[in-house]
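The values are calculated or read from the model by the stated rules, or taken from the named source; none is laboratory data. On a predicted model such as this, the values are computed, not experimentally measured, just so you know. Reconstructed Cβ throughout: ideal geometry from the backbone, glycine too, with neighbour counts over all protein chains shown.
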Amino acid sequence: MSAPGHRGPDGPAADVAVDDGVEFPVPADGEVWAVGAVVLDPDGKAFAQRRGPHRRLFPDCWDIVGGHVEPGESLLDALGREIEEETGWRLRRVRRLFGITIWTGDDGAGTRHEADYLVEVDGDLRRPALEWAKHTAYDWFGPGDLPRLRENRAPGEYLIHDLIAKALRDHPAEF
């Protein structure tokens, strides 16, 4: 386990530990960004929530915690805000940047940049305060559960599956 390298800036994520080497890109004017958080429990399982069937993007698919970065908001602040909004948990530590994906949704909103992170949170992991109007279920996924993350996704659209598989492979039960 690496030692926290520094703390977040002033704002909602001011008390968040950020490990050395973790980067938070600064969006350029006009760029649309999103953030994602892979949360592991003490048993090394990863949290995912099922998007509702009426969601504009990726309806009825499993997803990690995350969402859009608001104009003027840092990626770190957006990460903390999205975790709290979607689960009621509080971002404690950002351990790793898994990568940045550039993608275009089928909603006509154009190109998005997405930064996905491995994080630690505070809160009751067994009782997330889901946004039930947006999500219909949640579960903790171990290696044997990974095929479920491909439900309702076309081949080649396995970003969530691949992120969680990488987290489970690289960081099993080390929290």
> So how many residues does the range 125-137 have that are surrounded by 16 or more Cβ atoms within 10 Å (Cβ to Cβ) and at pLDDT 95 or above?
Replying inline: 2
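For the range 128-146, enumerate the residues that are in a loop (DSSP other than H, G, I, E, B) and either small (Gly, Ala, Ser) or touching a residue at least 24 places away in the same chain (Cβ under 8 Å) (or both). Before you say what the answer is, go through the steps one by one.
Restricting attention to the range 128-146, the residues satisfying the condition of being in a loop (DSSP other than H, G, I, E, B) are 128-134, 142.
Scanning the range 128-146 gives Pro128, Ala129, Leu130, Glu131, Ala133, Lys134, Gly142.
Under 13 Å from the mean Cα position of the chain (by Cα) and at pLDDT 95 or above: is that true of Leu118 in this structure?
On the way: under 13 Å from the mean Cα position of the chain (by Cα): yes; at pLDDT 95 or above: yes.
Spelling it out, Leu118 is indeed under 13 Å from the mean Cα position of the chain (by Cα) and at pLDDT 95 or above.
Looking for something under 25 Å from Ala14 (Cα atoms), surrounded by fewer than 16 Cβ atoms within 10 Å (Cβ to Cβ) and either over 14 Å from the mean Cα position of the chain (by Cα) or free of Cβ contacts under 8 Å to residues at least 12 places away in the same chain (or both) - is there at least one such residue anywhere in the range 98-115? Quick ask: steps written out before the conclusion?
Pass one, the range 98-115, residues under 25 Å from Ala14 (Cα atoms): 98-100, 113-115.
Subset that is surrounded by fewer than 16 Cβ atoms within 10 Å (Cβ to Cβ): 99-100.
From what's left, either over 14 Å from the mean Cα position of the chain (by Cα) or free of Cβ contacts under 8 Å to residues at least 12 places away in the same chain (or both): none.
Scanning the range 98-115 turns up no residue that is under 25 Å from Ala14 (Cα atoms), surrounded by fewer than 16 Cβ atoms within 10 Å (Cβ to Cβ) and either over 14 Å from the mean Cα position of the chain (by Cα) or free of Cβ contacts under 8 Å to residues at least 12 places away in the same chain (or both).
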> Any residue at all in the range 147-160 that is part of a strand (DSSP E or B), at pLDDT 95 or above and more than 24 Å from Ala17 (Cα to Cα)?
Replying inline: no
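Restricting to the range 48-95, name every residue that is among the hydroxyl-bearing types (Ser, Thr, Tyr) and either surrounded by 23 or more Cβ atoms within 10 Å (Cβ to Cβ) or modelled with pLDDT under 95 (or both). Working first, answer last.
Residues of the range 48-95 that are among the hydroxyl-bearing types (Ser, Thr, Tyr), as a first pass: 74, 87.
Within the range 48-95, Thr87 is the sole residue that qualifies.
Return the total of residues in the range 12-69 being part of a strand (DSSP E or B) and not hydrophobic (A, V, I, L, M, F, W, C). Full working, then the answer.
Filtering the range 12-69 for residues part of a strand (DSSP E or B) gives 17-19, 32-40, 46-51, 62-63, 65-68.
Still in the running and not hydrophobic (A, V, I, L, M, F, W, C): 19, 36, 49-51, 63, 66-68.
Summing the residues that are part of a strand (DSSP E or B) and not hydrophobic (A, V, I, L, M, F, W, C) in the range 12-69 gives 9.
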